[in-house]
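Participant: Below is the structure I would like to discuss, written out as structure tokens.
What follows is calculated from the coordinates using simple rules that are stated; it is not laboratory data. Everything quoted here is computed from the prediction, not taken from an experiment. Note: ideal-geometry Cβ built from the backbone for every residue, glycine included; neighbour counts use all protein chains shown.
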Amino acid sequence: MATQTQKPVAGPDAASGAVPAPAPGRTRRLGRALRPGPAPGANGAALYRRWWLPWLWTLPAIVCAAAFGVFPFLNTVVLSFTDAKPLGGAANFVGLSNYTRMLGDDDFWLATRNSLLYAVIVVPLMVLLPLLLAVLVEKRLPGIGFFRSAFYTPVIASSVVVGLSWQWLLKDEGLVNTWLEKAHLIRDAIPFLSDPWLILLSAMGLTLWKGLGWYMIFYLAALGNVPRDLHEAAAMDGAGPVRRFWHVTVPGVRQTMLLVGVLTGIGSLRVFTEIYMLGSPTGGPGGQARTLPFYIRDVGLDPLSGNAGYGAAVSVALFVLTLGLTLLAQRLTKGDEE
């Protein structure tokens, strides 16, 4: 019976030591096996996705941002170098004359002073008072939800409605003056709505009252991230509530405090409705309580005597002031992180 000879397995050549090349079919199988696949958890279709496809999804947002943000800003900058009128028409290039006029305009500096004073007083109070309010309502007590809702109610109220309510409270024959007179604390009505300084202070009080509940929510979220172990350890070391507040709570919510400060500062420089509702459309007697947005409306949007180019120059100055405040806050944030 003939024996069947078994073919030797392909191996290195005894003479040259070279490995024979695999068959073509095996080469294709090895190529598919060694081809890099998608990352773990990724869809395999991502390998064949066009590079511009993600941009296609964000295109509507980019168009809206360009149409309602970038273009108006650039148009304002260009407009500040012209003598354009509010109702349109031919606009002539005037160079830096609008900015030169602005630097010598006493009304501009008065509005700038009022805006900066508004920010200097409102920002520290708005950073601290909502934090104290959040600490008070943070505890889970019966009925605490009612107080949280009550503190938040002014936030959802219309600014115009709130302004009219405060106007009714602060006018000469309003509730505040009537109560003070009946309590024999004053003889004559306090001119809350006719004195420029009192108009500004009343507007600041309105801003604080309306914003307390909004920033209280910010702090409630931040307080939830402060470890309870730190409070317990400080209490065991003999620290009272005040010391725990300054040495545990405040460092734990410092980033939120910086955020509230930036948002409040920007809002204070842009305040308009409060001054308009409490100081009348003129911004107080002789416009003495006008802020920068109020002044921009008066000099740039008046259909008869307004100069849109000069109003645009003042708008650019307001933007530079706001940008400087934001950069200062960013610098403080970096210093805190270091």
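Participant: Would you kindly work out the equivalent ellipsoid of the range 187-289 from its C-alpha gyration tensor and give its semi-axes, the square roots of five times the eigenvalues, largest first in whole Å?
Facilitator: After scaling each eigenvalue by five and taking roots: 40, 16, 9 Å.
Participant: While we're on this one: Residue by residue, what Karplus-based ³J(HN,Hα) values in Hz, rounded to whole numbers, does the range 299-311 have, using 6.51, -1.76 and 1.60 with θ = phi - 60° and x for Gly and Pro?
Facilitator: Result, ordered by residue: 8, x, 10, 5, x, 9, 10, x, 10, 4, x, 5, x Hz.
Participant: Counting only residues 5 or more places away or on other chains, whose amide H sits under 5 Å from the amide H of Thr82 once H atoms are built in the peptide plane?
Facilitator: Amide H neighbours of Thr82, under 5 Å, 5+ apart: Val94.
Participant: As an exercise, use a Förster radius of 35 Å and the Cβ-Cβ distance of Lys182 and Asp107 to find the FRET efficiency, rounded to the nearest 0.05.
Facilitator: 0.30
Participant: Taking the Cα-to-Cβ direction at Ala235 and at Thr100 and moving 7 Å from each Cα, how far apart do the two end points lie in nm?
Facilitator: 6.9
Participant: Given the range 105-300 reduced to its alpha-carbon atoms as identical point scatterers, what log10 I(q)/I(0) does the Debye formula return at q = 0.15, 0.18 Å⁻¹?
Facilitator: Debye output, listed in q order: -0.97, -1.17.
Participant: Ok, one more. So how much slack lies between Leu332 and Ser194, counting 0.36 nm per residue of separation and subtracting their Cα-Cα distance, in nm?
Facilitator: Contour length minus Cα-Cα distance gives 45.8 nm.
Participant: Starting from the Cα of Val78, move 7 Å in the Cα-to-Cβ direction to define the label point; list residues of the range 85-104 whose amide nitrogen is under 19 Å from there.
Facilitator: Output list for this probe position: 85-99.
Participant: Shifting gears a bit: Going 7 Å from the Cα of Leu175 toward and past its Cβ, which residues in the range 133-154 have a backbone nitrogen under 18 Å from where you end up?
Facilitator: 150-154, by backbone N distance to the label point.
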